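Peer 1: This structure is in structure tokens; I'll ask about it shortly.
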Amino acid sequence: MVQVPRSNPRRRPRRGRYPARYSAAALLRRGKAPWPPIWRSTELRDTYDIVVVGGGVHGLATAYYLASNWGITNVAVLDKGYLGGGGSGRNTAIVRSNYLTPDGVAFYDRSVRLYERLAVDLNLNVMFSRRGHLTLAHSDGALRTMRWRAEVNKHQGVDSEVIGPAEIKRLVPALDVSEAPRHPILGALHHPPGGIIRHDAVVWGYARAAAALGVEMHQNTEVLDIDVAGGSGPDGKGPGGQVTGVRTSRGEVSAPVVVNCTAGWASLIAAMAGLRLPISTHPLQAAVTEPVKMFLPAVVVSGSLHVYVSQTDRGELVFGAAVDPLATYDTGGSLAFAEELAGHVLQLMPGLGRMRLLRQWSGLCDMTPDYSPIIGATDVAGFFCDVGWGTYGFKAAPVAGEQLAACIASGETPDLIEPFALNRFAEGRLVGEKGAAAVGH
Amino acid sequence: MSPLGSGPGSGPGQAPGSGSGTCLRRNDDRVVPMSPSRLPARPGEVIDRERPLTFTWNGGAVTGFAGDTIASALAASGCTVFSRSMKYHRPRGILTADFWDPNTLVQVGDEPNVRGGHRLLEAGMAVSAQNAWPSLRWDAKALTALGGRALSAGFYYKTFMRPRWLWPAYEKVLARFAPGGVIDPASAPRRHDKRYAHPDVVVAGGGPAGLAAAVAAAREGAGVLLVEHEHSLGGHLRWGTKSERSMAAALAGAAEAAGVEILTDATVAGRWEDNWLAVVERDGAGGPERLIKARAKVLVVAAGLIERPYVFAGNDRPGVMLSGGARRLLNLWSVRPGSRAVVWSANAAGDAAAADLEAAGVVVEHVDARTGRTVTAAEGRRGALERVVLSDGTRLEVDLLVTAAGWTAPTSLLNMAGVRPRYDPAAARFFPAEPGTAEAGTVLSTGGISGDGSLDELVGHGEATGRLAAARAATLAHRLRVATAWAAPVDGPEPPEVPDERTPLGRDPHPELYRSSTDGIVDLSEDVGSRDLRHAAAEGFDSVELVKRWTTATMGSAQGKLETVNTVAVLAEATGSTISEVGTTTWRPPFAPVTLGALAGRMFEPLRISSLHDLHVAAGMTPIQAGQWIRPEHYGDPAAEVCNVRANVGIIDVSPLGKLDIRGPDATDLLSLLYVNKWRRLAIGAVRYGVMCAEDGVILDDGVTGRLGEEHYLMSTTSSGSGAMEVWIQNWLQTEHPDWRVRVTPVTDAYTSINVAGPRSRVLLGRLVDDVDLGPEAFKYMQVRRGTVAGVAGCVMWRIGFTGELSYELHVPAGYGPHVWQALLAAGADLGVAPFGLEAQRIMRLEKGHFIVGQDTDALTKAPTAGLEWLIKLDKEDFCGRPELQWALEGEPGDAPDAVPRLVAVQPTDPSYVPPEVCQIVAATPDGKERIIGRITSSRFSPTLERSICLAQVEAVHAGPDTELTIVDITGRRHTATVMLHHAHFDPEGERLRA
């Protein structure tokens, strides 16, 4: 039996009692005095209603919406490192909703809408920069896919359209739209609502707001095992079982509900509950240049060249690429990535040869066979998953957290996440997002 | 009593508004060299006074000498302010006078973020300050006025939330404060080469230990590449005493004599598995920046030490300099950095700086940090230092403060090899945790990064390290030769394992000096102060990674090389923990920034053309880029080309078609694994169509494969999929079935492929082929023959028909392609033969209802969607995609949601309306709205049928024949269309191609 206090979603989300609300006036008033802690530091207790494994943006958003929308506050978020140290701190912070399938579009559209007002909801400026998103097409086939996406988007009321080279040049003058490149730019899918956001701020915003509502955050607390009783597998784990708690590097914690929000490590955590997920973990590499004055007003993506690029408010260019082809937990990255990336960026913008790469890094992506997530309840009672986000987990965090919180609290799977249940792999109801996700950022 | 006195007016402070000593003036930014500070010629200087170079600084002319850096030339001309800080726009001067100087980044022509402390001066350079005068000057002032109160790190996270509509305006203002120079996207690309190197030993760092290591390794017979970050060898000896300089010269001479390859102004930017190194040679006489990809057997890291700034009030004021910066200015470029100085020193380098300055005529107050006296403030006005305040209250009127607070070991390359840095409080710096143990001893370290010692001790350790590196490289080289013994015989036994018997370098005691009792700037690039870090810790950002992200400390141009340890120290102080407990952030590549141009090099991506390309051009083709290939889309009128094929005969160049030659006893097993259909009973001389699916049952590729012999097949794949399919097949062979005796050879380019299609194709081919009976009974549809075409032996002929006509696909040895093509045109002139292009072929295949993988199928289209149930054989052995396909074919009807799409032929009601490809197909929902139920995947106007024809994917329930569909045009208009019985719009029984 899942013993979670249930209540109807309130009309208005609960607002936390912040130790100090943020505002320009408060900044001036406080002056040089330090601010109180952004989240409270508490001792790890031995029992909670809900334990969320993974202190990234998905885990924290889930905890926040459990507290704010459902009044469930006896929640602990556990992370083996520091908050936002995984994919949440390593992604390229692009937000968009121009997906390929109706399910995907509806889902990410909700996410973009939540992102747009997140700064106000969380009382922390996540610096969402709505600057437009261009997915370039370098071939007839790619252009056809862009048109397809545009049609699906428009039908769902999402602002996307295919534009030609002249319009591309007008929007992003730095792009070479001539016939000269090896793969000339033939057109692009233009998605005005897309943009970038300060990814770390989203993590801190959710953590702070959740803490204000009573959620506890425990860093450096690694989950070593999950206790399940009555399951059909070894040790009573697996399908048919009921979660009873977790064993951590800092002691045992009992909880009837455990939520797996661990991205690249998701299959390892699920295995602790006796579940096998159809997920393989691949690194995705990214890099950043030295800052220069603003010249790139939109997010630019090229699927065929495997690159996406945006310029942050700090002036740096942030690049990402496709996932590495081989499955590994190694985040060492490669020289080949930097070389290919630079080559592809210069194909798009040949004038950037003197810009310098400052830093490269990798994150881990939890890839599913259909590039769509696994979210919701599982065959182990009380064990919920919010994983399989692959290369676009960050974009989905608000809506995933909101919907999963509803799923846990109400016991019913909301329509928006219904297509993404784990059992779709057994039932053959895969959701096709490869077209939008191949390098779709 | 201080020699400098302490009364007002006795110092060299400047009158307000005079601009004296600064080169940035209020109304124009041109340089005003008020107090040239170049000294007369001195021994050891690296400038050539015979070669003056004139350049411009913010538009005004300045003269330096060859050998000057941009910063030293400007400093010599009296410039003290080189930039404005990122957030508070505070004036900044020279700090380190080398590559890592955070304050001397400048714009040079169209190149942003040039390291002014490192880049050598060239005549005519147009140098300007970055971030110096923001165009929004009033904003800068406004924010700076607020700065002390509200501009703490992360302030932007705490404001601008409301009103939401105003945020984009705020954002624009914030973006104006982005640091960095200006990139001109229109600037001309430069051509960068790359080089591959396979040295035995790479030594990173050309100081005394690195030089000694390189010499010793080379004398042991190793091929050595020595990479030095600076413009010349010697490390810290270069700005040292006469004897130190002569030692550097001797070592450099020995390196040259020993045959060491020496790269200066270069850096080892990154290190990956098995010593895969990125070595970057910066712009120079050899051309633009160059990436050298080196596979070293042993890497010796001798990166030396980087001097650490000290944190106190005013520590970012121009006139506050590190001891290395002062000594470099003085001893390398003969620039006197000030006239009255406080030298606050905790080590020998600082003591030497005091002595050097005094010798140069600077009035020096030497404050010994080892006695506990510290600097608490550097005060002044208008970007100039006027006064230094010490912890005992002493106030000294000076224009220069030199600090020597300790060192940071740049352990990045070792960290990339898995060596963790470990803090030693007694020596007040981090050391590699276990030097010499990384990757079984193929990564070694020496010099300052490893420890301290006299010059002799450093050189001795370097030599021992070099010998060890050479021995280990020799062992590795032997093992590599053994591993490739099939190529060349191996002589001699493996050299004996050499143990690491180096005498470790000692560690000099050093006081832990990070922050004074006052607060100052910790990260000068990012304008992050110690107070910001303390506040961040108080706000709950209690780990170094969180603090880094919240404050952006260590994220600037030096990537933490100057800032990380101070950040850690301040955080440790704030959280009541030790530096060891806090630890450092992760060092990531590159060690120093690398241009995109150098990383990219030249593009190695060929443009592929068939052997017939010139003939197509001569025939007036309209080209189309199809993947890597340039192909004829048409020769003027695709519809006429279709009609000619249907009525007479046409020829098309299909050379890009992927072709794989498959041989071996297990070839049939391979085909059975890859394809969803059966291959065991394919007769020699027969051709079969096959489809390959991925493990998830999704269609990957299709094509025909012919059996040429008992153990010999020729497989064709789609043109676009040929590369990926070869990788896919090799993946199966090499990872799952390495025991199979089968060889797969790509022969796409070995053959020129020509399809001869049309009712007269048999007659045409008969005129050119003597040794194959082309009769309808002798050479049936879906058979393969080998023979001679137009005198060219070894041609493969397939009788297949993508166009739906009687047709033969000829695979001709590529060199004879043009001959056969021209022979076909000549022999068939009376038959009406004409070339046709890709567009005509696409129209004809659509008339026949043949799908194209990737266009009519997508990443979710399983074989049954495309109507391939008849092809999938579940009664054969396991094949790729089988479990998924079995479920799709045999699953309970209730399992299959009705949303699974089907590929169907569709004809619009209006025969003249051609719906654009990817138009959506919708159906009304019970609530009066519309739902997407499918899309048009291919559409054309058929010249044969004189009407529009389509293929579409629609949900199964809407896929029945005669179902009426609603197509939504791109403009939103609705059109009706009907689902057809067959995929083929034309000749559904296939009578023509079987003729």
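Peer 1: Check segment A:310-319 and report whether any residue there is closer than 27 Å to A:VAL399 by Cα, assigned by TED's automatic domain parsing to the domain that holds A:LEU357, touching an Asp or Glu at 6+ places or on another chain (Cβ under 8 Å) and surrounded by fewer than 24 Cβ atoms within 10 Å (Cβ to Cβ).
Peer 2: yes
Peer 1: So is B:ARG295 in contact with a Gly (Cβ under 7 Å, 6 or more places away or on another chain), surrounded by fewer than 23 Cβ atoms within 10 Å (Cβ to Cβ), within 13 Å of another protein chain (Cβ to nearest Cβ) and touching a residue at least 40 places away in the same chain (Cβ under 8 Å) or not? Full working, then the answer.
Peer 2: Values: in contact with a Gly (Cβ under 7 Å, 6 or more places away or on another chain): no; surrounded by fewer than 23 Cβ atoms within 10 Å (Cβ to Cβ): yes; within 13 Å of another protein chain (Cβ to nearest Cβ): yes; touching a residue at least 40 places away in the same chain (Cβ under 8 Å): yes.
Considered against the rule, which asks whether it is in contact with a Gly (Cβ under 7 Å, 6 or more places away or on another chain), surrounded by fewer than 23 Cβ atoms within 10 Å (Cβ to Cβ), within 13 Å of another protein chain (Cβ to nearest Cβ) and touching a residue at least 40 places away in the same chain (Cβ under 8 Å), B:ARG295 comes out as no.
Peer 1: Being more than 19 Å from A:LYS32 (Cα to Cα) and either touching a Phe, Trp or Tyr at 6+ places or on another chain (Cβ under 6 Å) or away from chain A (no Cβ under 14 Å) (or both) is the filter here; which residues of segment B:517-555 pass it?
Peer 2: The first filter runs over segment B:517-555 and keeps only residues more than 19 Å from A:LYS32 (Cα to Cα), leaving B:524-525, B:542-546, B:548-549, B:554-555.
Result: B:LEU524, B:SER543, B:GLU545, B:LEU546.
Peer 1: Tell me which residues, restricted to segment A:296-314, are part of a strand (DSSP E or B) and either more than 20 Å from the chain's Cα centre (by Cα) or aromatic (Phe, Trp, Tyr) (or both).
Peer 2: Restricting attention to segment A:296-314, the residues satisfying the condition of being part of a strand (DSSP E or B) are A:299-302, A:307-311.
Hits for segment A:296-314 are A:SER302, A:TYR308.
Peer 1: Under the condition of being polar (S, T, N, Q) and within 21 Å of B:VAL747 (Cα to Cα), which residue from segment B:783-812 is surrounded by the most Cβ atoms within 10 Å (Cβ to Cβ)?
Peer 2: Selected residue: B:GLN783.
Peer 1: Can you name every residue in segment B:152-181 that is among the aliphatic types (A, V, I, L, M), at the interface with chain A (Cβ under 9 Å from one of its Cβ atoms) and closer than 20 Å to B:TYR88 by Cα? Working first, answer last.
Peer 2: As a first pass, look at segment B:152-181 and keep what is among the aliphatic types (A, V, I, L, M): B:153, B:161, B:166, B:169, B:173-175, B:178.
Filter again for at the interface with chain A (Cβ under 9 Å from one of its Cβ atoms), leaving B:161, B:174-175, B:178.
Listed by number, the residues that qualify are B:LEU174, B:ALA175, B:ALA178.
Peer 1: Right, next: Please determine whether any residue of segment B:252-268 is closer than 18 Å to B:LEU413 by Cα, touching a residue at least 60 places away in the same chain (Cβ under 8 Å) and within 14 Å of another protein chain (Cβ to nearest Cβ).
Peer 2: Scanning segment B:252-268, I find at least one residue that is closer than 18 Å to B:LEU413 by Cα, touching a residue at least 60 places away in the same chain (Cβ under 8 Å) and within 14 Å of another protein chain (Cβ to nearest Cβ), so the answer is yes.
Peer 1: Can you name the residue in segment B:916-931 that is part of a loop (DSSP other than H, G, I, E, B), touching a strand residue (DSSP E or B) at 6+ places or on another chain (Cβ under 6 Å) and within 11 Å of another protein chain (Cβ to nearest Cβ) and, of all such residues, is surrounded by the fewest Cβ atoms within 10 Å (Cβ to Cβ)?
Peer 2: Checked segment B:916-931; the qualifying residue surrounded by the fewest Cβ atoms within 10 Å (Cβ to Cβ) is B:GLU917.
Peer 1: Then there's this: Within the set of pairs 6 or more residues apart or between chains, which connect a residue that is part of a loop (DSSP other than H, G, I, E, B) and modelled with pLDDT under 95 inside segment B:625-648 to a residue that is crowded, with 20+ Cβ neighbours inside 10 Å and of a type in the set (Gly, Ala, Ser) with Cβ atoms less than 9 Å apart?
Peer 2: Filtered contacts from segment B:625-648: B:GLY627/B:SER719; B:GLY627/B:SER720; B:GLY627/B:SER722.
Peer 1: Is one or more of the residues making up segment A:229-242 of a type in the set (Asp, Glu), over 25 Å from A:TRP389 (Cβ atoms), more than 13 Å from every other protein chain (Cβ to nearest Cβ) and in contact with a strand residue (DSSP E or B) (Cβ under 6 Å, 6 or more places away or on another chain)?
Peer 2: Within segment A:229-242, not a single residue is of a type in the set (Asp, Glu), over 25 Å from A:TRP389 (Cβ atoms), more than 13 Å from every other protein chain (Cβ to nearest Cβ) and in contact with a strand residue (DSSP E or B) (Cβ under 6 Å, 6 or more places away or on another chain).
Peer 1: Go through A:CYS407, A:CYS385 for me and flag whichever is outside any helix (DSSP H, G or I) and in contact (Cβ under 8 Å) with a residue 24 or more places away in the chain.
Peer 2: When all the criteria are applied, what remains is A:CYS385.
Peer 1: Here is a follow-up. Looking only at residues in segment B:74-132 that are aromatic (Phe, Trp, Tyr) and more than 23 Å from B:THR54 (Cα to Cα), which one is surrounded by the most Cβ atoms within 10 Å (Cβ to Cβ)?
Peer 2: The qualifying residue surrounded by the most Cβ atoms within 10 Å (Cβ to Cβ) is B:TRP100.
Peer 1: I would also like to ask the following. Looking only at segment B:601-623, which residues are part of a loop (DSSP other than H, G, I, E, B) and either of a type in the set (S, T, N, Q) or away from chain A (no Cβ under 14 Å) (or both)?
Peer 2: Across segment B:601-623, the qualifying residues are B:SER610, B:SER611, B:LEU612, B:ALA619, B:GLY620, B:MET621.
Peer 1: Taking strands (runs of 3 or more DSSP E) that do not extend beyond segment B:664-769, which have at least 1 residues that are buried (at least 21 other Cβ atoms within 10 Å of the Cβ) and modelled with pLDDT under 95? Before you say what the answer is, go through the steps one by one.
Peer 2: Details: elements: B:687-693, B:699-709, B:712-717, B:743-746, B:751-757.
Here the list reads B:687-693, B:699-709.
Peer 1: Check B:ALA250, B:ALA218, B:ALA269 and return the single one that is assigned to a helix (DSSP H, G or I) and within 26 Å of B:ALA477 (Cβ to Cβ).
Peer 2: B:ALA218
Peer 1: Pick from A:VAL95, A:VAL120: which is out of contact with any Ser or Thr (no Cβ under 7 Å at 6 or more places or on another chain), at the interface with chain B (Cβ under 10 Å from one of its Cβ atoms) and either surrounded by 24 or more Cβ atoms within 10 Å (Cβ to Cβ) or of a type in the set (Val, Ile, Thr) (or both)?
Peer 2: Going through A:VAL95, A:VAL120 in turn, just one is out of contact with any Ser or Thr (no Cβ under 7 Å at 6 or more places or on another chain), at the interface with chain B (Cβ under 10 Å from one of its Cβ atoms) and either surrounded by 24 or more Cβ atoms within 10 Å (Cβ to Cβ) or of a type in the set (Val, Ile, Thr) (or both): A:VAL120.
Peer 1: In segment B:333-417, which strands (runs of 3 or more DSSP E) lie fully inside it and hold 1 or more residues that are within 23 Å of B:THR241 (Cα to Cα)? Don't jump to the end; show me each part of the working.
Peer 2: On the way: elements: B:340-345, B:363-368, B:375-381, B:384-390, B:395-397, B:400-404.
Filter on segment B:333-417 gives B:340-345, B:363-368, B:400-404.
Residue by residue, here is whether (1) more than 20 Å from A:LEU143 (Cα to Cα); (2) among the β-branched types (Val, Ile, Thr); (3) touching a Gly at 6+ places or on another chain (Cβ under 7 Å) holds:
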position: B:ILE933; (1), (2), (3): yes, yes, no
position: B:SER939; (1), (2), (3): no, no, no
position: B:THR944; (1), (2), (3): yes, yes, no
position: B:ARG947; (1), (2), (3): yes, no, no
position: B:GLU955; (1), (2), (3): yes, no, yes
position: B:ALA959; (1), (2), (3): yes, no, no
position: B:ASP962; (1), (2), (3): yes, no, no
position: B:LEU965; (1), (2), (3): yes, no, no
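Peer 1: Shifting gears a bit: Pick out the one residue from A:VAL243, A:VAL215, A:VAL228, A:VAL202 that is under 29 Å from A:ASP379 (Cα atoms), out of contact with any Asp or Glu (no Cβ under 9 Å at 6 or more places or on another chain), surrounded by 17 or more Cβ atoms within 10 Å (Cβ to Cβ) and not polar (S, T, N, Q).
Peer 2: Criteria check complete, one pass: A:VAL215.
Conditions tested, residue by residue: (1) under 23 Å from the mean Cα position of the chain (by Cα); (2) surrounded by fewer than 18 Cβ atoms within 10 Å (Cβ to Cβ); (3) within 22 Å of B:CYS919 (Cβ to Cβ); (4) hydroxyl-bearing (Ser, Thr, Tyr).
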{"position": "A:TYR115", "(1), (2), (3), (4)": "yes, no, no, yes"}
{"position": "A:LEU124", "(1), (2), (3), (4)": "yes, no, no, no"}
{"position": "A:PHE128", "(1), (2), (3), (4)": "yes, no, no, no"}
{"position": "A:ALA137", "(1), (2), (3), (4)": "no, no, yes, no"}
{"position": "A:ALA142", "(1), (2), (3), (4)": "no, no, yes, no"}
{"position": "A:ARG149", "(1), (2), (3), (4)": "yes, no, yes, no"}
{"position": "A:VAL152", "(1), (2), (3), (4)": "yes, no, yes, no"}
{"position": "A:GLU161", "(1), (2), (3), (4)": "no, no, yes, no"}
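Peer 1: In addition: Pick out the one residue from B:ALA626, B:ALA598, B:ALA574 that is surrounded by 17 or more Cβ atoms within 10 Å (Cβ to Cβ), among the aliphatic types (A, V, I, L, M), more than 35 Å from the chain's Cα centre (by Cα) and within 11 Å of chain A (Cβ to nearest Cβ). It would help to see each step written out before you state the result.
Peer 2: Details: B:ALA626 fails: more than 35 Å from the chain's Cα centre (by Cα); B:ALA598 fails: more than 35 Å from the chain's Cα centre (by Cα).
After ruling out the rest, the residue left standing is B:ALA574.
Peer 1: Same structure, new question: Condition (residue is crowded, with 22+ Cβ neighbours inside 10 Å, away from every other protein chain (no Cβ under 14 Å), within 21 Å of A:GLY56 (Cβ to Cβ) and at pLDDT below 95) applied to segment A:401-420: is it met by at least one residue?
Peer 2: Checking segment A:401-420: at least one residue is crowded, with 22+ Cβ neighbours inside 10 Å, away from every other protein chain (no Cβ under 14 Å), within 21 Å of A:GLY56 (Cβ to Cβ) and at pLDDT below 95.
Peer 1: Quick one: B:ASN275 ticks every box in (1) crowded, with 18+ Cβ neighbours inside 10 Å; (2) away from every other protein chain (no Cβ under 14 Å); (3) under 18 Å from B:LEU291 (Cβ atoms) bar one, so which box is it?
Peer 2: (2)
Peer 1: Only residues in segment A:293-321 that are within 12 Å of another protein chain (Cβ to nearest Cβ) count as the first member; pair them with residues that are aromatic (Phe, Trp, Tyr), Cβ under 6 angstrom, at least 6 apart or cross-chain, and list the lot.
Peer 2: A:VAL309/A:PHE319
The values are calculated or read from the model by the stated rules, or taken from the named source; none is laboratory data. As the structure is a computational prediction, the values presented were derived from the model and not from experiment. Counting neighbours? That spans all protein chains shown, and the Cβs are built from the backbone with ideal geometry, glycine included.
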